[in-house]
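*Asks:* Quick one: structure below, then a few questions.
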Amino acid sequence: MPLLNLKPIIRFSLWITVFVYLIQTATTTTPWLLKFKGKFYLPALHVPNEIQLAINHPLGYDNPYSKSLIATHGWAWSSPLATHPYIIEKSNLKLKNPDRQHWLGTDHLGRDCFGLMLQGLASALSFGLIYSLVCLSLGTGIGLIAGFYPNGYDRAIQSFLVIWKSIPLLYLLIILRAWLPLTKHQVLLVMVAFGWGKFYQLTRALALQNRQGIYMLSCRSLGFKPWRLLLYHLFPLSIRASISYFPWHFIHGVNTLITSEFIGITMMSNLSLGSLIQQAKMNPEAYWLPMGLLILLASNSGIAFWIYGDSSYQSKTQDNAYGDQFKYSN
């Protein structure tokens, strides 16, 4: 049985998950450590009842009553990059130039732009990862079955995709936005409905090619059942192109979310990269806003190049390791 090498996708997903968790930890308004009435607490896990009642306010730990209560009975160690999801205007810090305290300056409400970018990046990366994993699962599953049974089922899917792919996604989102306010979850569902086709085509093409190969013919001659041929023998051979394409699909999901937030299709969050791009457009004198965003998006694309090179190398190494069993008969 050929080796199913999902290491590039697993490694990529783990890196993104850990990075998002670290960002959330670095920018959360919840204190890392709390001392209250002589006892130490980890607020992420447990807080005293008095503090719990105080932080039920929408502002949480930024609530003036919470601050005074903690200052009276102890102290709290919070992140210097804490960014609150609600709008808290600080008139004395509006559009302030970068300095030691604010590495990328402040926005039009006086909030730290570096913290805002980290929060927006975490949200966009989570969206892109979920979008890509769901599309990968749907596309490879449907493509594998279509390639293994290239008859009426395959023709029906191909005919459906010809019509389905002719619908422009951006125009569809604009039309839906005219009817109802689109949330991030609704945009995710629409994008998944149109995004699985590429994985389907890549998997189907390799499945059609591999099903007539020497290796698959040998497996059939041994009397393996169709489900075993499909999952244990054809699937590892047919998913390689999808693994190499996965990082680009991830970047596509991230950029589509940022674009939809910027042009107003998605209900824009206060902590999103789309809102920061809007601020950069409305405040051209704030040079630090586009500068930070360009660095952020460039590093995002650099990660995709690195993962693409790693997945391509893994796929080529696996081909060389198995030699002639992946060559196809005419």
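The values are calculated or read from the model by the stated rules, or taken from the named source; none is laboratory data. Since this is a predicted model, take the numbers as computed values, not measurements. Here the Cβ is made from the backbone with ideal geometry for all residues, glycine too, and neighbour counts use every protein chain on show.
*Asks:* Name every residue in the stretch 178-227 that is within 28 Å of I258 (Cβ to Cβ), assigned to a loop (DSSP other than H, G, I, E, B) and of a type outside the set (S, T, Y), in order of residue number.
*Replies:* Hits for the stretch 178-227 are L180, P181, W196.
*Asks:* Output yes when any residue across the stretch 262-270 is in a helix (DSSP H, G or I) and modelled with pLDDT of 65 or more, and no when none is.
*Replies:* yes
*Asks:* While we're looking at this one, here's another question. For L104, work out the one condition from (1) at pLDDT 80 or above; (2) touching a Pro at 6+ places or on another chain (Cβ under 9 Å) it doesn't fulfil.
*Replies:* Result: L104 passes all but (1).
*Asks:* Can you tell me which residue within the stretch 236-253, out of those that are β-branched (V, I, T) and buried (at least 22 other Cβ atoms within 10 Å of the Cβ), is farthest from L206 (Cα to Cα)?
*Replies:* At the first step, the residues of the stretch 236-253 found to be β-branched (V, I, T) are 239, 243, 251.
This time we only want the ones that are buried (at least 22 other Cβ atoms within 10 Å of the Cβ), so: 239, 243.
Details: I239: 8, I243: 13 Å.
The selected residue is I243.
*Asks:* So, one more: Can you spot a residue in the stretch 274-296 that is within 21 Å of the chain's Cα centre (by Cα), modelled with pLDDT under 80 and surrounded by fewer than 16 Cβ atoms within 10 Å (Cβ to Cβ)?
*Replies:* The answer is yes; a qualifying residue exists.
*Asks:* What number of residues within the stretch 132-146 satisfy the criterion of being within 16 Å of Y245 (Cβ to Cβ), out of contact with any His (no Cβ under 8 Å at 6 or more places or on another chain) and not β-branched (V, I, T)?
*Replies:* Here is the first cut: in the stretch 132-146, the ones within 16 Å of Y245 (Cβ to Cβ) are 132-144.
Then keep just the ones that are out of contact with any His (no Cβ under 8 Å at 6 or more places or on another chain); that gives 133-134, 137-144.
From what is left, the residues that are not β-branched (V, I, T) are 133, 137-139, 141, 143-144.
Of the residues in that region, 7 qualify.
*Asks:* Being surrounded by 17 or more Cβ atoms within 10 Å (Cβ to Cβ), at pLDDT 75 or above and more than 24 Å from the chain's Cα centre (by Cα) is true for just one of G74, G38. Which residue is that?
*Replies:* Numbers: G38 fails: surrounded by 17 or more Cβ atoms within 10 Å (Cβ to Cβ).
Exactly one residue qualifies, and that residue is G74.
*Asks:* Can you pull out the residues in the stretch 140-160 that are of a type in the set (A, V, I, L, M) and buried (at least 16 other Cβ atoms within 10 Å of the Cβ)? Before the answer, list the steps.
*Replies:* Here is the first cut: in the stretch 140-160, the ones of a type in the set (A, V, I, L, M) are 142, 144-146, 156-157.
Result: I142, L144, I145, A146, I157.
*Asks:* Somewhere in the stretch 212-227, is a residue modelled with pLDDT of 80 or more and within 23 Å of S238 (Cβ to Cβ)?
*Replies:* Our first condition is that a residue be modelled with pLDDT of 80 or more; within the stretch 212-227, this holds for none.
Scanning the stretch 212-227 turns up no residue that is modelled with pLDDT of 80 or more and within 23 Å of S238 (Cβ to Cβ).
*Asks:* Taking the condition of being closer than 12 Å to T266 by Cβ and either among the aliphatic types (A, V, I, L, M) or surrounded by fewer than 17 Cβ atoms within 10 Å (Cβ to Cβ) (or both), how many residues in the stretch 181-214 meet it? Reasoning before the result, please.
*Replies:* To start, the set of residues in the stretch 181-214 that are closer than 12 Å to T266 by Cβ comprises 181-188, 190-191.
Among the residues that remain, those that are also either among the aliphatic types (A, V, I, L, M) or surrounded by fewer than 17 Cβ atoms within 10 Å (Cβ to Cβ) (or both) are: 181-183, 185-188, 190-191.
Total satisfying the criteria: 9.
*Asks:* Next up: Specify which of the listed residues (L59, L4, L53, L22) is at pLDDT 75 or above and out of contact with any strand residue (DSSP E or B) (no Cβ under 7 Å at 6 or more places or on another chain). Steps first, answer last, please.
*Replies:* On the way: L59 fails: at pLDDT 75 or above; L4 fails: at pLDDT 75 or above; L53 fails: at pLDDT 75 or above.
None of the others qualify; the one that does is L22.
*Asks:* Please find, among I145, I157, the residue that is free of Cβ contacts under 8 Å to residues at least 60 places away in the same chain and assigned to a helix (DSSP H, G or I). Step through it out loud before you land on a result.
*Replies:* On the way: I145 fails: free of Cβ contacts under 8 Å to residues at least 60 places away in the same chain.
Only one candidate passes the filter, namely I157.
*Asks:* Sticking with this structure for a sec: Pairs, please: C-beta under 8 Å, at least 6 apart or cross-chain, first residue modelled with pLDDT of 80 or more and in the stretch 170-181, second surrounded by fewer than 15 Cβ atoms within 10 Å (Cβ to Cβ)?
*Replies:* R177/G264
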